[in-house]
1. As an exercise: evaluate B:M1 against (1) touching a helix residue (DSSP H, G or I) at 6+ places or on another chain (Cβ under 6 Å); (2) part of a helix (DSSP H, G or I); (3) within 17 Å of A:D123 (Cα to Cα) and give the number of the one condition it does not meet.
2. Quick one: which strands (runs of 3 or more DSSP E) sit completely within segment B:152-214 and have at least 2 residues that are within 21 Å of B:R130 (Cβ to Cβ), touching a strand residue (DSSP E or B) at 6+ places or on another chain (Cβ under 6 Å) and touching a residue at least 12 places away in the same chain (Cβ under 8 Å)?
3. Output yes when any residue across segment B:462-470 is surrounded by 15 or more Cβ atoms within 10 Å (Cβ to Cβ), of a type in the set (S, T, Y) and in a helix (DSSP H, G or I), and no when none is.
4. Would you confirm whether any residue within segment B:428-435 is among the basic types (K, R) and farther than 30 Å from B:P307 by Cβ?
Amino acid sequence: MTNDRPVDALLPVVYEELRRLAASYLRRERPGQTLQPTALVHEAYLRLMKDRPERWQNRAHFCAIAAHSMRQILIERARARGAQKRGGAQPRVTLDEGLVGGESPSFDLVALDEALGRLEQIDAEQARLVELRFFGGLTIEETAEAMNISPATVKRHWTMARAWLARELAGDRPV
Amino acid sequence: MTPERWRQINDLFHRVTELDIAAREELLTRTAQTDAELAAEVRSLLAAHKPEDGFLEQPAWAVAPTLAFDEPLARAGAMVGPYRIIKEIGRGGMGVVYEAEDTRLRRSVALKALPSEYTTDPVRRERLTREARAAAALTHPSIATIFALDELDGALYLVSELVRGETLREELGRGPIAGERLLPTLIDLAGGLAAAHDAGIVHRDFKPDNIVRCTDGRVKILDFGLARAPASDPRLTQDGTALGTPGYMPPEQLAGQDVDARTDVFAFGVVAWELATGTHPFGASAAQMLEHLLEGRAVTATAVTLPIPALEPILRRCLRRDLSERYPSAGPVLQDLQALRLTGAQPVATPPRPLETNPATALGWWRVHQAVLAVVIASMPVATWFVRRWNPQMGSWLFLVVLALATISVATRLNLLFTSRVNLPHLRDQRRRVYPVMAGAEAILGVLLLASAALVAGDTDALASVLVTLAVATMASLGVIEPATTAAARIDADEGR
């Protein structure tokens, strides 16, 4: 478990690459279109592999770091922004300001992070799976590959974790 | 939760989700008979299980791209075109600001990364370009000069003079601006706005946070040339931050109407009032402020006096709700302020005023006075009680009347003390209402106590002298001390000065 956990030193490298790529995607595309998440991680992976391949154990290792750094960055910013808006009070940012209008229900990113932390205590594998899928943008198949389990197991875990998290967030979610 | 329990929950959840509604219910009911807790847990998970609602299906960064990527640069040392990032120095609705070095000219600049809407939306981009071009033509010592509007790596950046110092917001944190600095500061600010208005540019978001006091003591207005979103832009109204700052917006801007130079004049009035007094002219809380602004109610500051009295009519004219009564632009404001300096109004304000009391301190003494007097008057019935021993008939009547009057007086004084604590703006009105009753009661009390002293004089001189002391103290207070403390605390000042 510990050896494929993200190495903190690599987080900024991966994030910087993701950010740079995403920014260029966002600029190239018309507003209103969603950028292709998978393409983003793939491209970042290819670039960073070409650069210094010895840093990455394998693709799964890279995806885990990408997902984890994305989670750290987003949560940190959501907290900072919430604190800014509310003058330092309870930081809360809802995930409804994106390019995908109206499709996903709005919820609280910071609360999700906290709920994910609780899930980690109960079932570390499911929590990692959510991190890869939601923060890393991996598909079911990619997640299966990264975690070295079958796609069917990923689906089962995903369904359960999703329901569990939805219930945990129910208090915060607008009906 | 034990791993075993979690496994049971998972198993039952998956078995149930594969069944149809009726079979689900049956299985759960059956489970509940042996393990009610397990059945309840799975039931609540089922309620949250909505495969089609899209929850978590979009990756986080696609749902919140602005949160993930709206800061194109975050690291010191990064290069953006010819600019090297030194550090982030601020952020707001209009993007992140960096201190950067222009490597071609080797000079420090402020680099403002503008939100991506400006690159993607041609209308907003065009408007921004137009405003930036006009603002770049402005050169005035009180305005931070704009150097360039650059598109670098596909994003827009506004490059301007880097102003070092602290914002007037920070300066206000330590209290109002000292008398001798006030007028020059206001003249600098009005001068900057006047130059912009002459060039046809409106700032639209003039506030202490956008003004920096440089190390040489002069002030500079930041953020000219940034096109604000029109009020009809729903994304920005939802956000509530990009439309300017409510406390500095005149009623017409709050109402979403078009703005012109008079918007800045209003904001200037608010800022100037704040700088002069340390308090916002429309009240302390945001709710109160908005209510007053929307109703366009006149400045309600009660225990506040401008350090330069002649400034007040000028600022009040800036703050008029009616556009036609306001100064048409900052130019005439500047002229009036300069005239004020020339006519020597300033010496009134300059600090060598050793006898001037701070109204806040005076208010404290006024409160002490109320409390002490309440105690003195409360002791009157006690003193009168002893008169009965020497003159039972008259003594009883005197005691009862004194008790009644003292109750009125003490209750009123405590009420005023309370009002000054919890509802200061109404103190003046409240005092005006109750003062005649209170003063009348106290005057009669003084007379009655002197009469009591006369009754017992000779029998018990100790009691007589206590009575005389109380009477004289009360009358002296009523006639001399109270008017003085009240005036010092400016509680009796006229409303429409």
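The values are calculated or read from the model by the stated rules, or taken from the named source; none is laboratory data. The structure presented is a predicted model; accordingly, all values stated were derived computationally and were not measured. Counting neighbours? That spans all protein chains shown, and the Cβs are built from the backbone with ideal geometry, glycine included.
1. Every condition holds for B:M1 apart from (2).
2. Fully inside segment B:152-214 and qualifying: B:155-161.
3. no
4. Within segment B:428-435 (the criterion being among the basic types (K, R) and farther than 30 Å from B:P307 by Cβ), the answer is yes, since at least one residue qualifies.
Results for (1) acidic (D, E); (2) on the phi < 0 side of the Ramachandran plot; (3) at pLDDT 80 or above, shown as yes or no for each residue.
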residue	(1), (2), (3)
B:D121	yes, yes, no
B:R125	no, yes, yes
B:A134	no, yes, yes
B:A137	no, yes, yes
B:T145	no, yes, yes
B:G154	no, no, no
